[in-house]
Each structure stands twice: as structure tokens, then as C-alpha cells.
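Note sheet for the following structure.
The values are calculated or read from the model by the stated rules, or taken from the named source; none is laboratory data. Quick caveat: nothing in here was measured; it's all calculated off a predicted structure. Cβ atoms come from the backbone with ideal geometry, glycine included; neighbour counts cover every protein chain shown.
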Amino acid sequence: MIPNKPDHPFVYWATYSYIGGEMLKAGATVYIYQKGFLHAKMIVVDNKIASVGTANIDVRSFRLNFEVNAFLYNETLAEILVDEFKKDMEDVTQLTYSLYQQRSTWIRFKESIARLISPIL
């Protein structure tokens, strides 16, 4: 699930370049959240363990940006997060590979430039 509204245009375009370029081709299912901007990242394992926070899973987030996630070993909290995710899923549209291919040449250009500078974003 990715936001429809960006917080930073270059990050947004870089994100789309990776999603469409590799993830959708590989068969990933991608949803676009329509109701605003989401920055939190969340994972729930077996409805028992969860991680939620702002950190991307990369060196930049962990060492340079000092972003943080909370790891929760609590079944009740994990279930609450799953319920919140299900609510968010009510406000998404699926991004398909064919839909991604329909974007304009100008958008493709912006994605290419953003992808080049993505290591410093």
C-alpha cells in the first residue's frame, strides 16, 4: 500500500519507478491509498508480533535519518494493527501493470530522473 498523495515529489516518482519497473512485473500486488498520505510502515507476523514505525528497511533510514520502529510482542496490539490495516484497505485502488504502463512520457521522464538520484533521497 502506497499513498496517492506524495510528501516529496522526487521520492514519489522514484517509488513508482521501482514499483512498476520490478514489483508489478514480478507479480506483486500494489494498492494506492486514496484518503491521504501514509508514512508509517507496518508488518504483522502470525497476528502475534508486529513492527510499526517510520523506518524504511535501508541503511539510510537506520543510520542517517534516525528513523525508528516499535517492535510489539503483544497479540492484542498486533490484532489492532491488522484491523487498522483492513480499514485502510477500504480506501485503496489496485495499481496494475497495464494501468502503470498508461502513464505519460512526462511522468516516465520524471520517474527516470528520480530513480537516478534515489540513493540520496
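Summary of values
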read-out	value
Close pairs (7 angstrom Cβ cut-off, 6 or more residues apart or separate chains): in contact (Cβ under 8 Å) with a residue 12 or more places away in the chain in the stretch 11-38, part of a loop (DSSP other than H, G, I, E, B) and of a type in the set (A, V, I, L, M) anywhere	11/121; 14/121; 30/24; 31/1; 33/1; 38/1
Every residue from the stretch 93-121 that is closer than 16 Å to residue 4 by Cα and either free of Cβ contacts under 8 Å to residues at least 60 places away in the same chain or in contact with a Phe, Trp or Tyr (Cβ under 9 Å, 6 or more places away or on another chain) (or both)	93, 94, 95, 99, 100, 103, 107, 111
Residue check for residue 81: within 16 Å of residue 6 (Cα to Cα), surrounded by 13 or more Cβ atoms within 10 Å (Cβ to Cβ), free of Cβ contacts under 8 Å to residues at least 60 places away in the same chain and not acidic (Asp, Glu)	no
Of all residues making up the stretch 94-107, the number that are surrounded by 10 or more Cβ atoms within 10 Å (Cβ to Cβ) and out of contact with any helix residue (DSSP H, G or I) (no Cβ under 6 Å at 6 or more places or on another chain)	7
Single unsatisfied condition, residue 26 versus (1) farther than 14 Å from residue 1 by Cα; (2) not in a loop (DSSP other than H, G, I, E, B)	(2)
Matching entry among 11, 45 (being loosely packed, with under 15 Cβ neighbours inside 10 Å and in contact with a Leu (Cβ under 7 Å, 6 or more places away or on another chain))	11
Single unsatisfied condition, residue 91 versus (1) over 21 Å from residue 119 (Cα atoms); (2) surrounded by fewer than 13 Cβ atoms within 10 Å (Cβ to Cβ)	(2)
Count of residues meeting criterion [closer than 18 Å to residue 76 by Cα and either surrounded by fewer than 17 Cβ atoms within 10 Å (Cβ to Cβ) or within 16 Å of the chain's Cα centre (by Cα) (or both)] in the stretch 49-64	4
In the stretch 41-82, the residues that are under 21 Å from residue 15 (Cα atoms) and part of a helix (DSSP H, G or I)	59, 60, 61, 62, 63, 64
Lone qualifier among 103, 108 - being out of contact with any strand residue (DSSP E or B) (no Cβ under 9 Å at 6 or more places or on another chain) and assigned to a helix (DSSP H, G or I)	108
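Per-residue answers, yes or no, for (1) at pLDDT 85 or above; (2) surrounded by 13 or more Cβ atoms within 10 Å (Cβ to Cβ); (3) of a type in the set (Val, Ile, Thr); (4) more than 25 Å from residue 113 (Cβ to Cβ):
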residue	(1), (2), (3), (4)
3	yes, yes, no, no
7	yes, no, no, no
15	yes, yes, yes, no
18	yes, yes, no, no
21	no, yes, no, no
29	yes, no, yes, yes
